[in-house]
């Protein structure tokens, strides 16, 4: 009807009052449809404005790129976020970064380090948490600082009173220069790792140890009581690699073999444990059985692993 709404008030309700309709539809239904159309329109317009606003703000990359590294460590993780300045032909330590002054250990925001579990750094116990990671470079030694104020721009607002820990380490000189400042882990195991700060010709190693052996041992006790079949492999492995009770580890390996007599992966751990206990002949006998089982299953990996135990036992 030319876009006009037709009101119809001719119908009478059971109460005697006439109900209002629009174009033969109940008024409340038309009203709801009208409101929904308005909401959809407004939502689309807001999204369009947001997109246009984003497109209208061009970005420029910073001079120093940002990197986050994460290292599994014991029961937890170590997470480090830092910026990576470049040498660009400059003298860095003793030049751009003077010796004896607090450094943000990178560029832009001070480097941050997060421990999800307690750790030990160069013999110092550190509780789980988030810290700013400052350093004081020196020619013969560096001071490493964990500061309790987590997010700081540069070292401008650094306060020594907020330090959790300070300790000293010895820098090393590298033959090859590193253009972009780098932080990386090396020699990482379930028990320890080395963190390296590298820039120019300087390499600063920092040693980390886990502080969760008691918790892991308690976890193993619980897991081996509740579901030994599922947890035998990792429990044996932890006992072996950390020089725990080898007799208990051997018992677990023998029990696991009974539950899965054709599995060469339990046999290799029996052989390794026997060898560590000084039983060379027992290790050779077990490992040879492991080789035979692996060969029957065409499992080249466990043929090789069992053979390695035999070769070591015969040395």
Relative contact order (%) - criterion: Cα under 8 Å, at least six apart; region: the range 169-261: 19
Sort 212-224, 73-85 by the packing proxy (mean of other Cβ within 10 Å over each peptide's residues), most packed first. 73-85, 212-224
Highest mean first, how do 278-290, 161-173 rank when packing is the count of other Cβ atoms within 10 Å averaged over residues? 278-290, 161-173
Got the relative contact order for the range 67-146 handy, in percent, Cα pairs under 8 Å and 6 or more residues apart? 27
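Every read-out reported here was derived from the displayed coordinates using simple, explicitly stated rules and does not represent laboratory data. Only a predicted model underlies this, so the values are computations on that prediction, with no experimental measurement involved. No Cβ is skipped: glycine too gets one built from the backbone with ideal geometry, and neighbour counts run over all protein chains shown.
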